[in-house]
Amino acid sequence: MPETLQPRHPVPFRPLVIHGLTLGAGVARDSIGLAPLRGREDALRTFMQAEFGVALPHVPRCVENAEGLLFQWAGPSQWLVRGPPCAGLSARLSPCTGLAAITSQTDSRIALELSGRGADAVAAKLVAVDLHPRVFTPGHVAVTLAGHIPVTLRQVDATPRYEFLVFRSQARSLHHELSVAMSGGIPQVDPSLHD
């Protein structure tokens with residue numbers, strides 16, 4: 001009889017704590033990608049303001065509405081709408097199908113969170129983004145590379161706590177690279193810290 005394949009979470013559920021820094025799986029959220037159809041961006045923005053009470057960011061930011069839904073910039077005229085699982089995001093966004101391309105990203109991405117004193121220095125080993133508190137603050141977003149891995153980086157709070165939104169297939173590699181950086185190494189350079 002054939003075995004039934006069960007999906008495995010790509011990273012350990014138990015947080016990794018090294019030198020007062022914590023790395024773990026981020027909050028599970030449904031994610032829906034939005035990209036306006038040609039000439040429909042203003043109408044999409046009007047719909048989102050009326051339906052969700054939020055202005056879609058024009059710049060790399062993430063805003064949260066009164067319901068706790070996140071509206072995250074994902075590139076020019078592109079956003080991710082993120083909310084708790086089973087929040088019915090697809091159904092709530094279905095009225096804007098004539099305004100935007102709507103794509104479920106829920107199963108394709110995993111969030112990893114890095115937090116604690118010095119998290120900015122650890123993250124800076126992997127991303128080419130100025131994470132100084134005068135430049136990158138809570139709510140800021142960057143679509144970048146963490147080493148060789150494409151990520152969307154978001155500063156969640158001033159702890160600092162960073163969320164790395166990564167493709168599911170690359171989450172384990174990113175977890176490893178971050179753990180090496182947390183241990184004091186430079187990922188992909190210091191072989192003594194690799195498995």
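The values are calculated or read from the model by the stated rules, or taken from the named source; none is laboratory data. Bear in mind the structure is a predicted one, so any value in this text is a computation, not a measurement. Cβ: placed from backbone, ideal geometry, glycine included. Neighbour counts: every protein chain shown. Ligands, DNA and RNA are excluded from the accessible area calculation, which covers all protein heavy atoms including side chains. Shrake-Rupley method; radii C 1.70, N 1.55, O 1.52, S 1.80 Å.
Picking from residues in the stretch 46-80 that are out of contact with any strand residue (DSSP E or B) (no Cβ under 8 Å at 6 or more places or on another chain) and either among the polar types (S, T, N, Q) or in contact (Cβ under 8 Å) with a residue 24 or more places away in the chain (or both), the one that is surrounded by the most Cβ atoms within 10 Å (Cβ to Cβ) is 47.
May I ask you to verify whether residue 81 is within 15 Å of residue 34 (Cα to Cα) and of a type outside the set (Asp, Glu)? Taking the combined requirement at face value, the residue satisfies it.
Taking residue 25, is it out of contact with any helix residue (DSSP H, G or I) (no Cβ under 8 Å at 6 or more places or on another chain) and either surrounded by 15 or more Cβ atoms within 10 Å (Cβ to Cβ) or among the basic types (Lys, Arg) (or both)? So residue 25 fits the description; yes.
Remark: residue 114 falls outside the filter, which requires a residue to be farther than 18 Å from residue 16 by Cβ and either open to solvent by less than 10 Å² (accessible area, probe 1.4 Å) or of a type in the set (D, E, K, R) (or both).
Out of all the residues in the stretch 84-121, which are under 17 Å from the mean Cα position of the chain (by Cα) and either closer than 30 Å to residue 183 by Cβ or charged (D, E, K, R) (or both)? Listed by number, the residues that qualify are 107, 108, 109, 110, 111, 112, 113, 114, 115, 119, 120. Would you call residue 43 surrounded by fewer than 17 Cβ atoms within 10 Å (Cβ to Cβ) and either modelled with pLDDT under 95 or within 17 Å of the chain's Cα centre (by Cα) (or both)? Spelling it out, it is not the case that residue 43 is surrounded by fewer than 17 Cβ atoms within 10 Å (Cβ to Cβ) and either modelled with pLDDT under 95 or within 17 Å of the chain's Cα centre (by Cα) (or both). When each of 109, 161, 154, 168 is tested for being touching a strand residue (DSSP E or B) at 6+ places or on another chain (Cβ under 8 Å), among the charged types (D, E, K, R), open to solvent by 40 Å² or more (accessible area, probe 1.4 Å) and modelled with pLDDT of 95 or more, the lone residue that passes is 161.
For the stretch 44-70, the set of residues classified as touching a helix residue (DSSP H, G or I) at 6+ places or on another chain (Cβ under 7 Å) and either closer than 21 Å to residue 163 by Cβ or part of a strand (DSSP E or B) (or both) consists of 54, 56, 65, 69, listed by residue number. Taking the stretch 69-95 as the range and being in contact with an Asp or Glu (Cβ under 8 Å, 6 or more places away or on another chain) and within 16 Å of residue 56 (Cβ to Cβ) as the test, the residues that pass are 70, 71, 77, 82, 83, 89, 92, 95. The requirement of being surrounded by fewer than 16 Cβ atoms within 10 Å (Cβ to Cβ) and farther than 19 Å from residue 56 by Cα is satisfied by residue 121. Regarding residue 12, is this residue in contact (Cβ under 8 Å) with a residue 60 or more places away in the chain, open to solvent by 40 Å² or more (accessible area, probe 1.4 Å) and not β-branched (Val, Ile, Thr)? So residue 12 fits the description; yes.
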